[in-house]
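**Student:** Quick one: the structure is below, questions incoming.
None of the figures in this text is laboratory data; all of them are computed from the coordinates on show. These numbers come from a predicted model, not from an experiment. As a convention, Cβ positions derive from the backbone with ideal geometry for all residues, glycine included, and neighbour counts pool all protein chains shown.
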Amino acid sequence: MLPLASLGWHHIWNRGRAAMIEGRVQPLRPEELSDEQRTFLAPFSDAKGRFHNIFGVLVRHLPLLRAWRDFGVYTMQGSRVPPRMREALILRAAANRRCAYEWHHHVRIGRSVGLSDAEIAAIELSEATGDPDLDLAVRAADELERDATVSSSVWKDLCTRLELEGAMDAVFTVGAYTALAMGLNGCGVMIESRGPRTAAGDA
């Protein structure tokens, strides 16, 4: 297993098949927002009106951001997948799609819901974590990446662990965050500390 110092976007960022064009779509700064954009981003902004670069980029296309917001909020707050398992699904999708931005932010979120650095390292490398739920999440995400479906055995295990609705949530979580990873990479959304037009810190 890689040493923990190698964890995070530095490792994922440098192993893609093609170089991502950083900053292809620049995030808007708070002072560049229209009143409609500012109102929409208020729940995602800090006390100084700053927001993460994903919002600064996607708010340029407000109908797209509105549509994504609804599903994203459901995935993070309404899904039947337990938080640790949810973050394992998302992290594995980010690793498979080599999405530095998604990986960076969900390492932080994963830690906040109890994932250890050792578990995150194992998820990154598709290795056993020692937690059956996390290992099932990794298997599901990897099968979806490889085959665009899950095997009967993984589906059965998901339904046993999460029931039908939770199993559906799990596969849709991987699909959604795979799509988001492609969008972030395609638009060149930069991690806040790397970008010249940082909208918000990561605190």
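**Student:** Ratio of the chain's C-alpha Rg to 2.2 N^0.38 Å, to two decimals?
**Tutor:** 1.02
**Student:** Can you give me the three principal axis dimensions of the range 81-195 from its C-alpha atoms, in Å, biggest first?
**Tutor:** Cα spread of the range 81-195 along its principal axes, largest to smallest: 43, 27, 22 Å.
**Student:** For Cα pairs less than 8 Å apart in space and 6+ apart in sequence, what is the mean separation divided by the residue count of the chain, i.e. the relative contact order in percent?
**Tutor:** 36 percent
**Student:** Give, in nm to one decimal, the length gained when the segment between M182 and K156 is fully stretched (0.36 nm per residue of separation minus the Cα-Cα distance).
**Tutor:** Net length gain for the segment: 6.5 nm.
**Student:** Something else about it: Please state the charge dipole magnitude for the chain, taken about the Cα centre, from unit charges on C-beta atoms (+1 on K and R, -1 on D and E), reported in debye and rounded to the nearest 20. Don't skip to the end; give the middle numbers.
**Tutor:** Details: 24 positive and 26 negative charges, 120 e Å.
That gives a dipole near 580 debye.
**Student:** Next up: Quickly rank 67-75, 161-169 as a protection proxy: mean count of other C-beta atoms within 10 Å, highest first.
**Tutor:** The peptides rank, most packed first, as 161-169, 67-75.
**Student:** Sticking with this structure for a sec: Suppose every K and R has +1 on its Cβ and every D and E has -1 on its Cβ; what is the size of the dipole of the range 25-78 about the Cα centre, in Debye to the nearest 20?
**Tutor:** It comes to approximately 100 debye.
**Student:** Between 0 and 90 degrees, rounded to the nearest ten: what's the tilt of helix 152-187 against the longest Cα principal axis of the chain?
**Tutor:** 30 degrees
**Student:** Here is a follow-up. Quick one: helix 62-73 against the long Cα principal axis of the chain, what's the angle to the nearest 10°, folded into 0 to 90?
**Tutor:** 40 degrees
**Student:** Suppose each label sits 7 Å from its Cα in the direction of the beta carbon; what would the R29-S112 distance come out to in nanometres?
**Tutor:** A separation of 2.7 nm, rounded to one decimal place.
**Student:** Sum -39500 (n - 2.57) across every DSSP H segment of at least 4 residues in the chain, then divide by the residue count to get the 222 nm mean residue ellipticity, nearest 500.
**Tutor:** Value at 222 nm, helices only, nearest 500: -18500 deg cm²/dmol.
**Student:** Then there's this: Determine, for each peptide in 102-111, 145-154, the mean count of other beta carbons within 10 angstrom over its residues, then list the peptides with the highest first.
**Tutor:** Most protected by this proxy first, the peptides run 102-111, 145-154.
**Student:** Only counting other Cβ atoms within 10 Å, I'd like V59, V171 sorted with the fewest neighbours first.
**Tutor:** By the 10 Å Cβ count, ascending: V171, V59.
**Student:** How large is the charge dipole for the range 81-195, taken about the Cα centre, if only the Cβ atoms of Lys, Arg (+1) and Asp, Glu (-1) carry charge, to the nearest 20 debye?
**Tutor:** It comes to approximately 320 debye.
**Student:** Compute the length gained on full extension between A128 and D147: take 0.36 nm times their separation in residues and subtract their Cα-Cα distance, giving the result in nm to one decimal.
**Tutor:** Between A128 and D147, full extension yields an extra 4.8 nm.
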